[in-house]
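Chemist: Please read through the structure below; I'll follow up with questions.
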Amino acid sequence: MSVAVILDPYRPYALMLMEELYRRHGIQSICLHSDWRTRVVLEGRLPFLRSKAVAAHHMISGRSMEHVAEALRPYEVLGVLPYEEGMLSPLARLAQLLGLSWAQPEVLSAFRDKHALKRLVRDRNPRVRLNAFREVATAQDVMQFAQENSLSRFVLKPNDGSGNTRVAFFDVPADPAQLAEYFRTSDSRVLMEEFVAGDEYWVNGQMDADGQPTIVGIGTYIRVSENGVQNLEIGSLSVSSQHPVFEPLRRYTEDVMRATGLRRSPFHLEAIIDERGPCLVEVGARLCGELVALNDQWQHGPQLDLISVAAHYYTSSRPYGDLPLDWRRYDTHYSGHATGVSPSDQRITAIDGLTELEESSHFLWWVKKPHVGDHVQRTTSLTTRAWSAAVNASSEEQIRDVITTARESIRLVGTADTTWSPRERWPVYRAVLGKAWSSRPRPYQLRALAHR
């Protein structure tokens, strides 16, 4: 039996990839689950995971990838589906153990190691501009590196982090006590980078079987200083192919991606542009988070299906062919995200403005819809955002206005008391698990929306 393998398949991209492989190619998927509690809570809410598209389920908690590979020997595994950042390392290792041609041990391991990735790019193409970087473990390491490179400002971040979590900015000379506190509260290796002043952009694309990149979309972030975070993301928007930054970013990204040696994978690259041009922040070997792949294909039109492209290259080395991009349509169909910020940990008791946003001609779909009864955390990164919606407009000025209006229209009413009695909990749980849950778009519905 020919199958694909996926880990913890509870998010939209995972379900879309599995559905695409089964619907178009008749390829079933084997679902690996790493945690019993998560599986019990989420699997029952996703009927697709009990459909014919799924060949089997395996619990792998406490098992090594070597043992998992042995359990999969009876199957003809065509590929693995690393649909988000945390899935890349374990599934890349599994692909290597199974002898899959998609496996690229030296390359894929670097994509979960920011320091190793920048070093890889520097070694393979020294002409690619990179800022100064080093892995650090102590305040002394930081101060020494800052002095050696004449830095006036620098950034510290988890070397394997994602979602803009625990990114901290420091001026030189830095307060030793603040540095010591950052390292004390870090649970992973830390990367130090020279600060580059400028606007940050993302570039999304797909690598083919020969390691050639195709750019499918470019955008930028809207960030503010809020909730004690200097660069908190509150929105994002696409950039026209006619914008002055587009061509420099496209050329720079192609140079970086060719230098990585990555093959048969979507990618999401982030870069800052200053007076010298683009400079790499980081890059992920995955579909862009927040369902931005759907935004990209919506902009180009219904002939483009980036989920289909990714599924093809994850399971086949055959050429997919040229991607059917429509940059003329792209330039008149701006898309973006409006993101909600919660000032504190709270339980949502009421929400204002949902209907107005959903009925707006600028609304596309919910990435994270807020519901009464949800417990939201104080927003300090994308992973703790209160809500997120995809929106559209016909110009850059309009999309910025749409994002601002959406953020102003949604009002969450909540309470900091999260220790409710059973009598208080039940009406809320019934709403969340009943009508509220059934109203959420299924992954195939999101794909349909993206092809309007």
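The values are calculated or read from the model by the stated rules, or taken from the named source; none is laboratory data. Because the structure is predicted, anything quoted here is derived from the model rather than measured. Here the Cβ is made from the backbone with ideal geometry for all residues, glycine too, and neighbour counts use every protein chain on show.
Chemist: Can you tell me which residue within the range 143-172, out of those that are among the aromatic types (Phe, Trp, Tyr) and modelled with pLDDT of 95 or more, is farthest from the chain's Cα centre (by Cα)?
Modeler: Taking the range 143-172 first, the residues among the aromatic types (Phe, Trp, Tyr) are 145, 154, 169-170.
Those still in the list that are modelled with pLDDT of 95 or more too: 145, 154, 170.
Numbers: Phe145: 30, Phe154: 24, Phe170: 26 Å.
Restricting to residues being among the aromatic types (Phe, Trp, Tyr) and modelled with pLDDT of 95 or more, the top hit is Phe145.
Chemist: For the range 345-390, give me the residue count where each residue is β-branched (Val, Ile, Thr) and out of contact with any Ser or Thr (no Cβ under 7 Å at 6 or more places or on another chain). Spell out how you get there, then give the answer.
Modeler: Keep residues of the range 345-390 that are β-branched (Val, Ile, Thr), which gives 348-349, 351, 355, 367, 372, 376, 379-380, 383-384.
Remaining after also requiring out of contact with any Ser or Thr (no Cβ under 7 Å at 6 or more places or on another chain): 348, 351, 355, 380, 384.
Qualifying residue count for the region: 5.
Chemist: Now, a different point. Determine whether Thr405 is of a type in the set (S, T, N, Q), outside any loop (DSSP other than H, G, I, E, B) and either modelled with pLDDT of 50 or more or out of contact with any strand residue (DSSP E or B) (no Cβ under 6 Å at 6 or more places or on another chain) (or both). Give the derivation first.
Modeler: Numbers: of a type in the set (S, T, N, Q): yes; outside any loop (DSSP other than H, G, I, E, B): yes; either modelled with pLDDT of 50 or more or out of contact with any strand residue (DSSP E or B) (no Cβ under 6 Å at 6 or more places or on another chain) (or both): yes.
Yes.
Chemist: It is to be established whether one or more residues within the range 233-240 are part of a loop (DSSP other than H, G, I, E, B), farther than 24 Å from Thr404 by Cα and among the hydrophobic types (A, V, I, L, M, F, W, C). Give the steps one after another, and end with the answer.
Modeler: Applying the first criterion (part of a loop (DSSP other than H, G, I, E, B)) to the range 233-240 yields 239-240.
Now drop any that are not farther than 24 Å from Thr404 by Cα, which leaves none.
Among the residues of the range 233-240, not one is part of a loop (DSSP other than H, G, I, E, B), farther than 24 Å from Thr404 by Cα and among the hydrophobic types (A, V, I, L, M, F, W, C), which makes the answer no.
Chemist: Another question, if that's okay. Restricting the first residue to the range 130-150 and requiring it to be of a type in the set (S, T, N, Q), which pairs with a second residue that is assigned to a helix (DSSP H, G or I) meet a Cβ separation below 7 Å and a spacing of at least six or different chains?
Modeler: Thr138/Phe183
Chemist: Further question on the same structure: Here are some residues: Arg318, Arg329, Arg378. Which one is of a type in the set (D, E, K, R), outside the structural domain of Tyr13 (by TED's automatic domain parsing), part of a loop (DSSP other than H, G, I, E, B) and farther than 30 Å from Gly79 by Cα? Write out each step before concluding.
Modeler: On the way: Arg318 fails: farther than 30 Å from Gly79 by Cα; Arg329 fails: part of a loop (DSSP other than H, G, I, E, B).
Step by step, each of Arg318, Arg329, Arg378 is checked, and only Arg378 is of a type in the set (D, E, K, R), outside the structural domain of Tyr13 (by TED's automatic domain parsing), part of a loop (DSSP other than H, G, I, E, B) and farther than 30 Å from Gly79 by Cα.
Chemist: Further question: If I ask for residues that are in a loop (DSSP other than H, G, I, E, B), of a type in the set (A, V, I, L, M) and at pLDDT 95 or above, which ones from the range 1-29 would you list? Step through it out loud before you land on a result.
Modeler: Let us first name the residues in the range 1-29 that are in a loop (DSSP other than H, G, I, E, B), namely 1, 8-11, 26-27.
Subsequent filtering for residues that are of a type in the set (A, V, I, L, M) retains 1, 27.
Across the range 1-29, the qualifying residue is only Ile27.
Chemist: Can you name the number of the only condition in (1) in contact with a strand residue (DSSP E or B) (Cβ under 8 Å, 6 or more places away or on another chain); (2) at pLDDT below 95; (3) among the aliphatic types (A, V, I, L, M) that Ala180 fails?
Modeler: Every listed condition holds for Ala180 apart from (1).
Chemist: Let me ask something additional. Pull up the range 202-218, narrow it to residues that are in contact (Cβ under 8 Å) with a residue 60 or more places away in the chain and in contact with a His (Cβ under 9 Å, 6 or more places away or on another chain), then point me to the one that is surrounded by the most Cβ atoms within 10 Å (Cβ to Cβ).
Modeler: Going through the qualifying residues, I end up with Val203.
Chemist: Could you tell me whether any residue of the range 346-356 is assigned by TED's automatic domain parsing to the domain that holds Gly228, closer than 23 Å to Ser238 by Cβ, at pLDDT 95 or above and of a type in the set (D, E, K, R)?
Modeler: Step one: list which residues in the range 346-356 are assigned by TED's automatic domain parsing to the domain that holds Gly228, which gives 346-356.
This time we only want the ones that are closer than 23 Å to Ser238 by Cβ, so: none.
So far as the range 346-356 goes, no, none of its residues is assigned by TED's automatic domain parsing to the domain that holds Gly228, closer than 23 Å to Ser238 by Cβ, at pLDDT 95 or above and of a type in the set (D, E, K, R).
Chemist: Quick one: would you say Gly44 is over 18 Å from the mean Cα position of the chain (by Cα), closer than 24 Å to Gly99 by Cβ and free of Cβ contacts under 8 Å to residues at least 60 places away in the same chain? Give the steps one after another, and end with the answer.
Modeler: Values: over 18 Å from the mean Cα position of the chain (by Cα): yes; closer than 24 Å to Gly99 by Cβ: no; free of Cβ contacts under 8 Å to residues at least 60 places away in the same chain: yes.
Here the answer is no, as Gly44 does not meet what is asked.
Chemist: Can we say Val68 is of a type in the set (Val, Ile, Thr) and in contact with a Phe, Trp or Tyr (Cβ under 9 Å, 6 or more places away or on another chain)?
Modeler: Values: of a type in the set (Val, Ile, Thr): yes; in contact with a Phe, Trp or Tyr (Cβ under 9 Å, 6 or more places away or on another chain): no.
In short, no.
Chemist: Report whether or not Glu282 is of a type in the set (Asp, Glu), touching a residue at least 60 places away in the same chain (Cβ under 8 Å) and in a loop (DSSP other than H, G, I, E, B). Before you say what the answer is, go through the steps one by one.
Modeler: Details: of a type in the set (Asp, Glu): yes; touching a residue at least 60 places away in the same chain (Cβ under 8 Å): yes; in a loop (DSSP other than H, G, I, E, B): no.
Against the criterion (of a type in the set (Asp, Glu), touching a residue at least 60 places away in the same chain (Cβ under 8 Å) and in a loop (DSSP other than H, G, I, E, B)), Glu282 does not qualify.
Chemist: Any chance the range 265-274 includes a residue that's of a type outside the set (A, V, I, L, M) and assigned to a loop (DSSP other than H, G, I, E, B)?
Modeler: Quick first cut of the range 265-274, residues of a type outside the set (A, V, I, L, M) only: 265-268, 270, 274.
This time we only want the ones that are assigned to a loop (DSSP other than H, G, I, E, B), so: none.
No: the range 265-274 contains no residue that is of a type outside the set (A, V, I, L, M) and assigned to a loop (DSSP other than H, G, I, E, B).
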